[in-house]
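> Structure incoming, see below.
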Amino acid sequence: MPKELSVFLENKPGRLGSVAGILAESEINVRTMTLQDRGEFGLMKLIVDKPEIADLALKDNGFASALKDILAILLVDKPGSFNKLAAACDKHNINIIDAYGFVIESNKQAVFCVEVSEPDRIKKLLQQEGFTLLEEELYEF
Amino acid sequence: MEVRFWNKEIETLDRPALEQLQLKRLRETVGYALQTHFYKNRLAKTGITSPEDIKTLADLKKIPYTTKDDMRESYPRGLLAVSSDEVVRIHTSSGTTGLPTVIYYTREDLDNWTENLARCIIATGAGRADVFQNMMSYGMFTGGLGLHYGAEKVGMTVIPIGGGNTKRQIQLMKDFGTTVLHITPSYLLHIHDKLAEVEVKLSDLALKRAFIGAEPHSENTRKKIEDLFHIDAYNSYGLSEMNGPGVAFECEYKNGMHTWEDGYIMEIIDPKTGAVLSEEMEGEIVFTNLIRRATPLLRYRTRDLGYIIKGACPCGRTHRRLSRITGRTDDMLIVNGVNVFPSQIEEVIMRIPQVGTNYQIHLEKDGALDKLIIKVEIYSKLFHGEMSELDNLKRKIKEDLRASIIINPQVELHEPGSLPVFEGKAKRVVDNRPKF
């Protein structure tokens, strides 16, 4: 299962830059990122090409970071495909903690990254529903 | 000014007679103390084995000081001087190192305490015609119950609402024509800020006096309260080791707090050397309780700083006056009237594994009220990348602190290594409240 890199950050100027700097120095390519904000602090969530190396680099620099399993669902980049996924989630009562997506090739392919509490079970459910779930190829796709 | 008394004879007793009464009561108190496990051992070392060994008040100096740690080590029964069927009340304080302290009271002890409070109330010019809203916490905190009993004894109409719930406080003040408040100065200022919000004007209220205490405050704060509310504010001082409020209180002249010296022997000492200081010299206040049989305390070090005001008061009371409290000898913090030691906070947060090793305690003013902000670093090895774990951690710290120190703190999570690191003794407390 692919990994999401999650970093605890205080909400103050310069913190995003520090993370970006460390990742650049370690030659990490960021595929996408999102921020979850709680006022004085937040979580930065990233999909990168070398998550283990990125995680260690951040930890070496004193950051609280962690790797988490994530579901990466491949969708066709056209109207209605997100609706299909949402309907499947509703049908199986899947509770989504956090989600974000990115387009891989315009009008062709997109990836939807979903954080859930039981990734293994839900991965199987979605595969049964006919969805393609990406493994480590997510990093280089 | 017409001066009124609750107990004119005692309150205006001449010094020699007052000292004679102190000596008689000191002997009795030493007798009670010898019934306790703690003082039996402590006094034997100084050669005091019976009340007769106290010949004059100067013999008090033979008795070593008693400290808060002595009380902790004697918990729960080491300072109990009577059989348990004589005890009618227990007050405990929360422990900073896990061990609390306890004070026991007999029926007579409570009566003595109440008598002192009746004197205090009458000394301010208040009396039975007043409606008294007691806005100090009830329960284990002696501030609420102490004044409550005194006010009832005087015959005031007592509203025992306790602290908090500002809207309801103002409503009751209005509905029942409250004339006297017992409250911390910061809360009273906060109430003034809220009056407009609840659409109550000062003219809707009948306030005349406020008894203010439980937290250090400046003369300017008193003046501000008096100007804002058009009332007289009287300083009140007490501590649970000396029963609670009513140890010292201002009379209508508001020029220092009369200490009821028939009930307490007051000394001011150099906190470093323990040497007794003369009048007008600032030092640590030391009290010997002369009016409590169940838990006698001899030469108790309060850790409060102040001085004895020289000279006679125009009111005619012969009991000497204590200055306002000028500080503390230890690191105790007073937050909205509640006593908190930084060690209590440390104990709570260091029990939580997801918290790193560094933390800071910030104190700010939020309008008239104190705000306690606890900044903690998260521990990176136990971080799993979930927002829910951060939310839960914050909530847990808040709830655990609330249970331990009875204050609702604001909790901030910080990155590992982001809080200032100190060489040697860390400066963990940042008090940004204005100083007096």
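The values are calculated or read from the model by the stated rules, or taken from the named source; none is laboratory data. What you see is a predicted model, and the numbers here were worked out from it, not measured in a lab. Quick reminder, even Gly has a Cβ in these numbers, built from the backbone with ideal geometry, and neighbours come from all protein chains shown. All accessible areas refer to the heavy atoms of the entire protein, side chains included, with ligands and DNA or RNA removed. Shrake-Rupley method; radii C 1.70, N 1.55, O 1.52, S 1.80 Å.
> Can you tell me which residue in segment A:51-62 is farthest from A:LEU125 (Cα to Cα), limited to those that are open to solvent by 20 Å² or more (accessible area, probe 1.4 Å) and touching a residue at least 12 places away in the same chain (Cβ under 8 Å)?
A:ASN61
> Inspect segment B:272-279 for any residue being part of a strand (DSSP E or B) and among the β-branched types (Val, Ile, Thr) and give the result as yes or no. First the steps, then the outcome.
Taking segment B:272-279 as the starting set, the residues that turn out to be part of a strand (DSSP E or B) are B:276.
Retained after the next criterion (residues that are among the β-branched types (Val, Ile, Thr)): B:276.
Yes, segment B:272-279 has at least one match.
> Can B:SER418 be described as within 14 Å of chain A (Cβ to nearest Cβ), of a type outside the set (Asp, Glu) and out of contact with any helix residue (DSSP H, G or I) (no Cβ under 7 Å at 6 or more places or on another chain)?
The answer is yes for B:SER418.
> Please list, ordered by first then second residue, the pairs with beta carbon atoms under 7 Å, 6 or more apart or interchain, first in segment B:402-415 and among the polar types (S, T, N, Q), second in a helix (DSSP H, G or I) and open to solvent by less than 20 Å² (accessible area, probe 1.4 Å).
B:SER404/B:GLN344; B:SER404/B:VAL348
> How many residues does segment B:283-311 hold that are open to solvent by 50 Å² or more (accessible area, probe 1.4 Å), part of a loop (DSSP other than H, G, I, E, B) and either at positive phi or at pLDDT 95 or above (or both)?
Of the residues in that region, 3 qualify.
> Answer yes or no: is there a residue in segment A:63-70 that is out of contact with any helix residue (DSSP H, G or I) (no Cβ under 6 Å at 6 or more places or on another chain) and either away from chain B (no Cβ under 13 Å) or surrounded by fewer than 16 Cβ atoms within 10 Å (Cβ to Cβ) (or both).
no
> For B:ARG433, all conditions in the list (1) open to solvent by less than 40 Å² (accessible area, probe 1.4 Å); (2) in a loop (DSSP other than H, G, I, E, B); (3) within 12 Å of another protein chain (Cβ to nearest Cβ) hold save one; what is the number of the exception?
With (1) open to solvent by less than 40 Å² (accessible area, probe 1.4 Å); (2) in a loop (DSSP other than H, G, I, E, B); (3) within 12 Å of another protein chain (Cβ to nearest Cβ) applied to B:ARG433, the lone miss is (3).
> Looking at the structure I just gave you, is B:VAL376 outside any strand (DSSP E or B) and surrounded by 19 or more Cβ atoms within 10 Å (Cβ to Cβ)?
Here the answer is no, as B:VAL376 does not meet what is asked.
> Which one is surrounded by the fewest Cβ atoms within 10 Å (Cβ to Cβ), of the residues in segment B:384-411 that are assigned to a helix (DSSP H, G or I) and at the interface with chain A (Cβ under 10 Å from one of its Cβ atoms)?
The qualifying residue surrounded by the fewest Cβ atoms within 10 Å (Cβ to Cβ) is B:SER388.
> Pick out the one residue from B:LYS62, B:LYS8 that is of a type outside the set (Val, Ile, Thr), open to solvent by 50 Å² or more (accessible area, probe 1.4 Å) and closer than 21 Å to B:TYR300 by Cβ.
B:LYS62
> Could we say that A:VAL48 is in contact (Cβ under 8 Å) with a residue 12 or more places away in the chain, within 14 Å of another protein chain (Cβ to nearest Cβ) and either of a type in the set (Val, Ile, Thr) or touching a Lys or Arg at 6+ places or on another chain (Cβ under 6 Å) (or both) here?
In short, yes.
> A follow-up question, please. Out of B:GLU215, B:GLU261, report the one residue that is at pLDDT below 95, at negative phi and not basic (Lys, Arg).
B:GLU215
> What is the number of the single condition among (1) without any contact (Cβ under 8 Å) to a residue 40 or more places away in the chain; (2) hydrophobic (A, V, I, L, M, F, W, C); (3) more than 13 Å from every other protein chain (Cβ to nearest Cβ) that B:ILE378 does not meet?
Unmet for B:ILE378, out of (1) without any contact (Cβ under 8 Å) to a residue 40 or more places away in the chain; (2) hydrophobic (A, V, I, L, M, F, W, C); (3) more than 13 Å from every other protein chain (Cβ to nearest Cβ): (3).
> Filter segment A:102-135 for residues that are aromatic (Phe, Trp, Tyr) and in contact (Cβ under 8 Å) with a residue 60 or more places away in the chain and give the result.
A:PHE102
> Taking B:GLU346 as meeting all but one of (1) under 30 Å from B:ASP69 (Cβ atoms); (2) in contact with a Gly (Cβ under 9 Å, 6 or more places away or on another chain); (3) outside any loop (DSSP other than H, G, I, E, B), write down the number of the exception.
(2)
> Okay, moving on. Is segment B:326-338 home to any residue that is β-branched (Val, Ile, Thr) and within 14 Å of another protein chain (Cβ to nearest Cβ)?
For segment B:326-338, residues β-branched (Val, Ile, Thr) and within 14 Å of another protein chain (Cβ to nearest Cβ): absent.
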